[in-house]
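The values are calculated or read from the model by the stated rules, or taken from the named source; none is laboratory data. Just so it is clear, the model here is predicted, and its values are computed rather than measured. A quick note on method: Cβ atoms are made from the backbone with ideal geometry, for glycine too, and the neighbour counts reach across all protein chains shown. For accessibility, only protein heavy atoms count, side chains too; no ligands or nucleic acids. Shrake-Rupley method; radii C 1.70, N 1.55, O 1.52, S 1.80 Å.
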Amino acid sequence: GVIAPKEIEDLPVSNLGAALAGQIPGLSISGGDSRPGEGASISIRQSFSYSKDGGSSNPMVIIDDVIQIDANSGLPTLDTFNALDPTEIESISVLRDASAAIYGSRASQGAIIVKTKRGKAGTPRISYSGKFGFNDAVGHPKTLTGADYGRFANSFNIAANKIDNTKPDYVNKIYSESELAAMDNEHHNWLDEAWSSAFTMNHAINVSGGSDKATYFAGASYYTQGANMGKQDYNKWNFRAGVDIKLTSDLKFSATIAANQQDVEKSFSKGMTSINGYDGIKPGESGDYLLLSHMPDYLPWEITLDDGKSYYTSPLISSYDTAGNAKSNNKMGTWNYFAMENNDGSYSTNSVFGYDANFSVTYAIPYLKGLSVKASYALKHNADDGEQVFMPYTLAYLNAKNSLTDGNRFYSAHPSVKDYKFDKYTGSTRVVYKDILSKNEQMNFYVNYEGQFGKHGVTAMVALEKMQAYQTSKTMLYNNPDPDTYLGTSPTAGAMDAGNSITYKYKQGSLSYLGRLTYNYADKYLLQFIFRSDASTKFAPENYWGFFPGISAGWVASEENFFKETMPSWFEYLKVRLSWGQTGKDNLKAWRWKQLYEVDPSCGYGFGANGGVVTSGVKPQATPNRQAHWDRTNKYNLGLDMRFLNNRLSATADFYYDINSDILNQNIGGIIGTPIFAGGAIGEVNYGRIDAWGGEFSLNWRDKVGQVRYNVGVNFGFSNNKVKLWPDMGDNLPSKNTMREGHST
């Protein structure tokens, strides 16, 4: 939608990333011709985006001039953005096209500029916001039930050669008419049993005020949310405080301290890697939903037998195969959602604590009006502590020899405990501990100038930016824990899986130079030039640097005499915008330009006392490509802004064309004629071009009736893309390639 920045503080969601940019594949962001620190409207468009593996990438988020990147990958992250409470936000601006070039390599998907609230001079102001809600589904998938399901299963299994209808016993392997009639009386809706509405609640309180010399802002919030499936206890606390102090008439000091704590405890049911026969569906938060929604409703998830006890069942989903096996990994017979959910020894906990500290000093140079310098330092720490526990659970499955004969395929036909076998599922049971510590630092130095000479306005900025990021990740995995002895500690967690208990360390940095020059004549003719130069050590030294320029021009035609003389009075404003900008990516692993080696326990050949015995050895990794360099995205945009009827009606039209070229491509290794050396792979190669284009349009009406203000808006758009240059996989049919020249992605 199109949202005024002042409306953001009442945005009725907690996860801003999901609302604005987060979970839409192929998303890119656009907005007005704004820059950091200025108000702008927001427009979100879904168009083409790519990464080295063909997926989509996040837009860059900048919060109070601090770029949000992942300490591990160096790519944009929405973590801090999603943790913000809406009441902390003063404005959200969006840079796109030529404007995005000011953030260079990380802004090819656009840049979201977030400014948090600051204090204003005056008496203290206290505000409170509370929200309460329920999350639920409008509906669920419709599936065949009763005899309709049985008849379909019969015909499907015969057509798929699961049952050979040329053999005389095939009739015993399909559901009989009496069984089909019985199915109409057996209704066990697994999804309805598992699903429920979820409660959510948010509270926030803010205080601000100050004097001409110093202002302050402080706010705290609490958010909680339940789950629609399974058990979940999610709590989030936010705190943010900031001050702006005029030390002298020319010297200003600003500081912000923010912290957030997120705790979640929920059920855990990811024991099996996938379910064969269900297209490899993986159990878990999304896989469980698919399995539940397609579970035949004649099957009960629980039975009460003649001993008076209730037992969870091993699902028997075929009429011809086997009666089930609760110990068989990756089979439907081992999966029972309710057995896993109600297993007291299985759970997942995660606790994340992070804080941000931003400091800046701005000095207005005396005797040089409009010239100022600014230095800033930002520090971010995050600690992520997690535990996952998946314990064995017991299922009951039919043990009778006649369980797959007519009239015996239903659990209701076997009320005796003697007809069942009770087995524990122990496959993939485990305990996992994971800790991640990360630290990000960003240092900036700006020189700013702003001058007005009659009708001529000029602003300029040059800056140096340095970033450093560190992360340590530790994972400890234990197999086959005993639920009776596990005490939440590693000595009681079972046998350590050495191959999957790993510690990683990451360290990265970047250095950037950036600048902006704007010219404005009588608020009628507008011109802006921006540039950014980034260095990435992911490339060989001769290819470290990437240069990303952009230029945009605006013409306010409604300020021309001919417009005022020829246009009707109700047509009040017309602005034409034209821009070009270049961004880039370095989406490849570090040090891919050098030959790297790794230790492999099965790639060495022993000598001497170990002669003829396979032992540890060193093997080369991917063959490097020293010529790899930044890929390029050229963005072209034409825009129109119009206002009518005393500014009550506004309209915007934008047309864009993006050229993604020199793509860092991993698929190059599959081309016929490409030699595969020892190591079995080659590094990324700059090869490929994909063009994307589209248009966006919006209409908005703002007015008031008495003291009541209202606005109504609508927006729509179209987008498309075409692969212009891409490697063909020579050992397969062109139709098998995920990317094909002349086609859309």
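Here are a few things to note about the model shown:
- Computed lengthening from R740 to K246, 0.36 nm per intervening residue step minus Cα-Cα distance: 171.9 nm
- Of K474/K589; K252/K374; K309/K421; K266/K439; K507/K589; K266/K424, those spanning more than 18 Å from alpha-carbon to alpha-carbon: K474/K589; K266/K439; K266/K424
- Linear extension gain, W591 paired with R702, 0.36 nm per residue minus alpha-carbon span: 34.5 nm
- Here the simple spin-label model places points 7 Å from the Cα toward Cβ, and for V714 and L645 these points are separated by 1.3 nm.
- Here the range 465-502 and the range 218-244 have alpha carbon centers that stand 27 Å from each other.
- Prolate/oblate/rounded call for the range 136-190, Cα gyration tensor, a/c under 1.5 rounded: oblate
- Order of exposure, largest accessible area first, which applies to E542, E572 with probe 1.4 Å: E542, E572
- A 1.4 Å probe, protein heavy atoms only, puts the accessible area of D306 near 100 Å².
- Straight-line cross-link partners of K564 among the lysines, defined as a Cα under 22 Å from its Cα and at least 8 positions apart when in the same chain: K455, K524, K575.
- Shape call, the range 102-216: gyration tensor on alpha carbons, a/c limit 1.5: oblate
- If you model the range 545-599 as an ellipsoid using its alpha carbon gyration tensor, with each semi-axis the square root of five times an eigenvalue, the axes come out at 54, 10, 4 Å, biggest first.
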